[in-house]
Amino acid sequence: VAGGIATAVALLITWLPPVASKERARIDDVFWFTTIICIAIFALVAAVLLYSVVKFRAAPDDDSDGPPIHGHTGLEIIWTLIPTILVTAIGIYSAVVLSQNDKLGKNVLNVNVTAQQFAWSFSYPEAHNLTTGVLRLPVDRSVELHLKALDVIHSFWVPEFGQKQDTVPGLKTSLHITPDKVGTYDIICTELCGLG
């Protein structure tokens, strides 16, 4: 019952923004893989807890201590081994996805991104360094954003693309995106990069 309720809450409510890049789809796969593991653990723990509360409840007038119980080595090995396997699986899957998300495809479009208070500007070397205040990307073409900040730390994020990259004055960073859906999406700076 607990697992069913948790699964319904996870699946029936739209928690995440729409997917608009290949990288974001892979990131969502990791998110749901982890969520399924968490729901299964939650359901198991809730079931054991409820069973224990009902089965081993003390009588209302029983103030005595329970029987002394010593550790069970086999049980302790199992409840150490299972989380180790699950965390390792999540780590390996995440590493594979990060590796895939970092691979640039063929015919990469390079875009120079400049962050400053309170704007982003985008320069396209292929178009003779045409510079605009609106990022325009082709669908199904690998894009590499080369980011730099002019003043303070900024953080480039388009939720629908799923990846985020900080821009630090004096450092050049990059971000790989392969848009796969036509749309208009807001760029969000996730740092406190305003006057405050």
Just a yes or no: is a residue in segment 100-120 at pLDDT below 95, assigned to a strand (DSSP E or B), open to solvent by 80 Å² or more (accessible area, probe 1.4 Å) and charged (D, E, K, R)?
-> no
Test result for V134, of a type in the set (V, I, T), over 22 Å from the mean Cα position of the chain (by Cα) and open to solvent by 60 Å² or more (accessible area, probe 1.4 Å) | yes
How do the pairs read when you match residues in segment 44-55 that are on the phi < 0 side of the Ramachandran plot with residues anywhere that are of a type in the set (G, A, S), using Cβ under 7 Å and keeping only pairs 6 or more apart or on different chains?
-> A46/A2; A47/A2
From I78, I37, which residue is open to solvent by 60 Å² or more (accessible area, probe 1.4 Å), modelled with pLDDT of 90 or more and hydrophobic (A, V, I, L, M, F, W, C)?
-> I78
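V97 - would you say it is among the aliphatic types (A, V, I, L, M) and touching a residue at least 24 places away in the same chain (Cβ under 8 Å)?
So V97 passes the test.
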What pairs can you find where one residue is in segment 107-129 and among the β-branched types (V, I, T), the other is surrounded by fewer than 16 Cβ atoms within 10 Å (Cβ to Cβ) and part of a loop (DSSP other than H, G, I, E, B), and their Cβ atoms are less than 7 Å apart, with a gap of 6+ or different chains?
-> T114/L150
Could you figure out which of (1) among the hydroxyl-bearing types (S, T, Y); (2) open to solvent by 80 Å² or more (accessible area, probe 1.4 Å); (3) over 22 Å from the mean Cα position of the chain (by Cα) isn't true of S123?
-> (2)
Counted residues, segment 159-196 - those being open to solvent by 60 Å² or more (accessible area, probe 1.4 Å), of a type in the set (V, I, T) and under 20 Å from the mean Cα position of the chain (by Cα) | 1
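Could you please find all residues in segment 137-158 being in a loop (DSSP other than H, G, I, E, B), within 20 Å of K22 (Cβ to Cβ) and open to solvent by 20 Å² or more (accessible area, probe 1.4 Å)?
Listed by number, the residues that qualify are L137, P138, V139, D140, R141.
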Taking segment 5-28 and keeping residues open to solvent by 80 Å² or more (accessible area, probe 1.4 Å) and assigned to a helix (DSSP H, G or I) leaves I5, L11, L12, K22
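The values are calculated or read from the model by the stated rules, or taken from the named source; none is laboratory data. Computed from a predicted model, the values in this text were never measured in an experiment. Glycine also receives a Cβ, built like all others from the backbone with ideal geometry; neighbour counts cover every protein chain displayed. With ligands, DNA and RNA removed, areas are computed over all heavy atoms of the protein, side chains included. Shrake-Rupley method; radii C 1.70, N 1.55, O 1.52, S 1.80 Å.
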